[in-house]
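Report on the structure given below.
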């Protein structure tokens, strides 16, 4: 028998891998101020409504890999009520890349929609 | 059921075992930052739920330690496979013995043994002076505020010692002071501190650190000198013409055939000490964790 819930989970995870980068770049592009992880997670929670697409913990490694690729910059600042926070900001290179990615996403989206609808 | 953020971080660290050290550090810092922020905001929104329930909800959203660990491993695998390295497995006992030179924990432990001497003297002086002044000042009005300041300084020093231990011995210690209620009267704060078992354990740690620091330092210097002397004997005898023992112009020399043995003995002694230092460092870290970390 096929375990469809496990397969769905796997499908979700594989899709998330690329989309998370696009979403994080977009969020940081729209926001004028640098944001820290928890702030981003809260905002995404608001966007996703009741459906939760990925665990909040999985956002952080994506943020690091975007930073390593030079699309994001970060700095650590002390906070009033707890541990210091890492604030992320999009770089100029990140903005250029995001424009390309958004185009890819639009093409991909219409392609997938057409495939699902069948014509 | 995970009971504290510290426990979550420990589990996460175990799950990430074998990953790149920097990834582990990032993962721990991210989780700590996120979980603490989420706890504070959740407790503000819903003050009626217990600490444990709040933590449960927060972790549910953040992901369990193994889920989080797999997210980091996934990204690490995708982006920088060349940077991850694992300790070669299945090396021989001899390889392990001499492999100590490439183990940063052993070098860290050596450095710690030197530093512990200085910090040990300072902690001891601070703790003894503070304790005796707090007791004798207690007949004055300013005695209680003084005691409060002293106990707060102990908390600060415990945190600092924790940072040194984590940096040099690799034993995870808390990075930030615990949350305290801000609008607490200072007298109540003093009462809380006096009743806290860990404050007294921290003071005890500062006192015994003097003994440990001295022992570590003496061992380090003695064994280093012996090892270097053994290794240098051929040079001293052949080049500088010095004897091992010089007494009333009578020089005692080691025979030439013993040179390889002496050099080997010196290297062996130092390598053995590095191994011991690594072990002692881990033990010391464990002791510090028991005494300095409030659970």
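No value in this document is a laboratory result; all are computed from the given coordinates. Being a predicted model, the structure only gives us computed values, none of them experimental. FYI the Cβ positions are ideal-geometry reconstructions off the backbone, even for glycines, and counts take in every protein chain you see.
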Pull out a ≥ b ≥ c, the square roots of the eigenvalues of the alpha-carbon gyration tensor of chain A, then state rounded if a/c is under 1.5, prolate if not and a/b is larger than b/c, and oblate in the remaining case. oblate
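Averaging sequence separations of C-alpha pairs under 8 Å and six or more residues apart, then dividing by the length of chain B, give the relative contact order as a whole percent. Please report the intermediate quantities before stating the final value.
Numbers: 266 pairs, mean separation 64.2, N = 295.
This gives 22 percent for chain B.
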Estimated FRET transfer efficiency (residue B:258, residue B:103; beta-carbon r; R0 45 Å; 0.05): 0.90
Candidates B:101, B:252, B:62, ranked by Gaussian network fluctuation over chain B, Cα under 10 Å, top entry: B:252
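Shape call for chain B from the C-alpha gyration tensor, a ≥ b ≥ c root eigenvalues: rounded (a/c under 1.5), prolate (a/b greater than b/c) or oblate?
Values: a/c = 4.26, a/b = 1.45, b/c = 2.94.
Since a/c reaches 1.5 but b/c is at least a/b, the shape of chain B is classed as oblate.
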Semi-axis lengths (Å, descending) of the ellipsoid that matches the C-alpha gyration tensor of the protein assembly as shown: 51, 35, 17
With springs only between Cα atoms under 10 Å, which of B:164, B:245, B:233 fluctuates most in a Gaussian network model of chain B? B:245
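Counting each DSSP H run of 4 or more residues in chain A as -39500 (n - 2.57), what helix-only mean residue ellipticity at 222 nm follows after dividing by all residues, to the nearest 500 deg cm²/dmol? Intermediate results must be reported in sequence, preceding the final value.
On the way: 4 runs with 75 residues, N = 119.
Helix contribution divided over all residues of chain A: -21500 deg cm²/dmol.
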Mind running the shape call on the stretch B:1-86? Use the C-alpha gyration tensor, a ≥ b ≥ c as the square roots of the eigenvalues: rounded below 1.5 for a/c, prolate if a/b tops b/c, oblate otherwise. prolate
Quote the FRET efficiency, to the nearest 0.05, computed for residue B:53 versus residue A:102 with a Förster distance R0 of 56 Å and r equal to the Cβ-Cβ distance. 0.90
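Nearest 500 deg cm²/dmol is fine: what mean residue ellipticity at 222 nm does chain B get from its DSSP H runs of n ≥ 4 alone, each adding -39,500 (n - 2.57), divided by its residue count? All intermediate terms of the calculation are to be shown ahead of the outcome.
On the way: 10 runs with 216 residues, N = 295.
The helix-only estimate for chain B comes to -25500 deg cm²/dmol at 222 nm.
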C-alpha long axis of helix A:37-48 to longest principal axis of chain A, angle in °: 30
Quick check on the exposure proxy: order A:116, B:128 from fewest to most C-beta atoms within 10 angstrom. A:116, B:128
What's the angle, to the nearest 10 degrees (0 to 90), between helix B:51-62's Cα axis and the longest principal axis of chain B? 70
For chain A, calculate the relative contact order in percent as a whole number, restricting contacts to Cα pairs under 8 Å that are 6 or more residues apart. 27
Please give the Cα centre distance for the stretch B:96-149 versus the stretch A:2-67, rounded to the nearest Å. 44
What angle, in degrees between 0 and 90 and rounded to the nearest 10, separates the Cα long axis of helix B:21-45 from the longest principal axis of the Cα atoms of chain B? 20
